[in-house]
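To start, the structure under review is shown below, and the notes come after it.
The values are calculated or read from the model by the stated rules, or taken from the named source; none is laboratory data. All figures in this text were calculated on a predicted structure; none of them were measured in a lab. Note: ideal-geometry Cβ built from the backbone for every residue, glycine included; neighbour counts use all protein chains shown. Accessible surface areas use protein heavy atoms only, side chains included; no ligands, DNA or RNA. Shrake-Rupley method; radii C 1.70, N 1.55, O 1.52, S 1.80 Å.
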Amino acid sequence: MRDETILYPPLDVPKKVADSIWIVDSGPIRPLGLRLPIRMTVIRLVDGSLLLHSPTRFDAALKSEIEQIGRISHFVAPNSAHWTFLKAWQEHVPEAMTWAAPGLRDRRQVRRSGVRLDSDLRPGAAGWPQEIIPIIVPGIGGFAEVALYHQPSRTLVLVDLVQNLEVEKLPSSSRIPARLAGVTAPHGRAPIYLRAIVKAKGHDAKTAGRRLAALEPDRVIFSHGAWFEQDGAAHLRRSLGWLLR
C-alpha cells in the first residue's frame, strides 16, 4: 500500500474548516515503524495574526500560503511527540513565540535538538491569546498534552488524546495493531499506552478530561485520522469515556 492511501490530500496546504480555523494535512510520519497521517491546526487570532498548533513539515510554499491569511505570531508544541518540525519553522519565522507543553523542555532529545522553547504553556501565561483556553491533561513520566479550545469557533484542538484511523486507509499489516490499540474509526481513542500513562495520574487527569467534555465543542480536530467535523461534543465524550469514568 502506498503512503498516499493513508493520507488526507491535498497535502501541505491550508484548508479552511471553520471561521478563523484552518487545517494542514501532511505526512506520513513513521513512529514505531507505523505510517501515520499528521495534521497541523492554524488559528487566526482576534488581532489578525496566526497561531500554528503542532506544526507539520516546513515547506516554503505552505509558509507563503499561510502568510496570505495572516502573520505567524505563535507556535505551539502541545506534547512530547509533536515538536520535531518546529526548528525549521523557527528558522524561517524567528519572531514567532514558541509555547511548549509543561515538561517538554526537560526531555533530553528536545535539549539536544536546538529547538527554542520560549515559554511553558500554562493557564494565565503572559502573552497568551485570551480567546483560546488551554487545558493541561497530565500523565506520569513527565507527559502532558495541552488541549486548546478556541472560544469564538467552539473548536477543540488536540493531538494524541484522540486518534481515529480509518481502517480501510491502513496497510493490512497495521490494521490489527491499530484495532488492538483502540485507535480505529469511528470510535477512536487515545492509544492504549497513552491511556495508561494518563489514567495513572488519577484525579488530576480525570478532572482535566471532564473539563474538556464540559466545553461541548462543535468540532474536535486532532493530529491522526478522521477528525470530528460535526457533533464534536458527543464524539468527544465517547472517545474520552476511558478517562471520564
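Using unit Cβ charges (K, R positive; D, E negative) and no other charged atoms, how large, in debye to the nearest 20, is the dipole of the chain about its Cα centre?
Using only the charged Cβ atoms, the result is roughly 1020 debye.
Summing -39500 (n - 2.57) over the DSSP H runs of n ≥ 4 in the chain and dividing by its residue number, what mean residue ellipticity at 222 nm do you reach, to the nearest 500 deg cm²/dmol? Please report the intermediate quantities before stating the final value.
Working: 8 runs with 65 residues, N = 245.
Mean residue ellipticity at 222 nm (helix-derived): -7000 deg cm²/dmol.
Could you work out how far apart the two model spin labels at THR207 and ILE133 are, taking each label as a point 7 Å from the Cα in the direction of the beta carbon, and quote it in nm?
The modelled label-to-label distance comes out at 1.6 nm.
Any idea which of GLN68, PRO55, THR84 is furthest toward the positive side of the dipole for the chain, if Lys and Arg beta-carbons carry +1 and Asp and Glu beta-carbons -1?
After comparing all options, I get THR84.
Suppose we keep just the DSSP beta bridges with both residues in region 65-208; what percent of those would be antiparallel, to 5?
Just about 60 percent of them are antiparallel.
Shape of region 181-245 from its Cα gyration tensor (a ≥ b ≥ c, root eigenvalues): rounded if a/c is under 1.5, otherwise prolate when a/b > b/c, or oblate?
It is oblate, given that a/c is not under 1.5 and a/b is not larger than b/c.
Stretched out fully, how many nm does the piece from MET97 to SER173 gain, at 0.36 nm a residue minus the Cα gap?
On the way: separation 76, 0.36 × 76 = 27.36 nm, distance 4.04 nm.
Here the answer is 23.3 nm.
Need the C-alpha centroid separation for region 71-102 versus region 189-245, integer Å.
24 Å
I want to check the label-to-label distance for ALA196 and ARG30. Put each point 7 Å from Cα in the C-beta direction and report it in nm to one decimal.
In this crude spin-label approximation the distance works out to 2.6 nm.
More than 25 Å apart: what percent of Cα pairs in the chain qualify?
Beyond 25 Å sits 38 percent of the P(r) for the chain.
Determine the percent antiparallel among the DSSP beta bridges restricted to region 24-86, to the nearest 5.
In region 24-86, approximately 65 percent of DSSP beta bridges are antiparallel ones.
Please give the FRET efficiency for THR84 paired with ARG245, using the beta carbon to beta carbon distance and R0 = 25 Å, rounded to the nearest 0.05.
0.15
On the protein heavy atoms, probe 1.4 angstrom, tell me the percent of accessible surface of region 45-144 carried by carbon and sulfur.
After summing per-atom areas, the C and S share lands at 49 percent.
Using the heavy atoms of the protein chains and a 1.4 angstrom probe, tell me the accessible area per residue for region 80-209 in square angstrom.
Roughly 46 Å² per residue, with all protein chains present.
Which shape class applies to region 141-195: rounded if a/c is under 1.5, otherwise prolate when a/b exceeds b/c and oblate if not, where a ≥ b ≥ c are the square roots of the Cα gyration tensor eigenvalues? Don't jump to the answer; show the numbers that get you there.
On the way: a/c = 3.44, a/b = 1.59, b/c = 2.17.
Verdict is oblate for region 141-195.
Suppose we keep just the DSSP beta bridges with both residues in region 1-125; what percent of those would be antiparallel, to 5?
If we restrict to bridges inside region 1-125, about 60 percent are antiparallel.
Within the chain, how many Lys pairs sit with Cα atoms under 26 Å apart, leaving out pairs fewer than 8 places apart on the same chain?
Values: LYS15/LYS63; LYS15/LYS87; LYS15/LYS169; LYS16/LYS63; LYS16/LYS87; LYS16/LYS169; LYS63/LYS87.
Pairs that pass both the separation and distance tests number 7.
Could you calculate the contour length gain from SER49 to ILE140, that is, 0.36 nm times the residue separation minus the distance between their Cα atoms, to one decimal place in nm?
Result: 29.3 nm gained on full extension.
Leaving out ligands, DNA and RNA, and with a 1.4 Å probe, what % of the accessible surface on region 146-211 is carbon or sulfur? Before the final figure, lay out each step's value.
On the way: 1640 of 2960 Å².
Whole-percent figure for carbon plus sulfur exposure: 55.
Please work out how much length the chain gains when fully extended from GLN109 to SER64, using 0.36 nm per residue of separation minus the C-alpha to C-alpha distance, in nm with one decimal.
Net length gain for the segment: 13.2 nm.
Region 82-173: D in µm²/s via Stokes-Einstein (Kirkwood Rh, Cα pairs, 20 °C, 1.002 mPa s)?
On the way: Rh = 15.2 Å.
After rounding, the answer is 141 µm²/s.
Residues with amide H under 5 Å of THR184's amide H, sequence separation 5 or more or different chain, H placed in the peptide plane at 1.01 Å from N; which?
LEU165, ARG189
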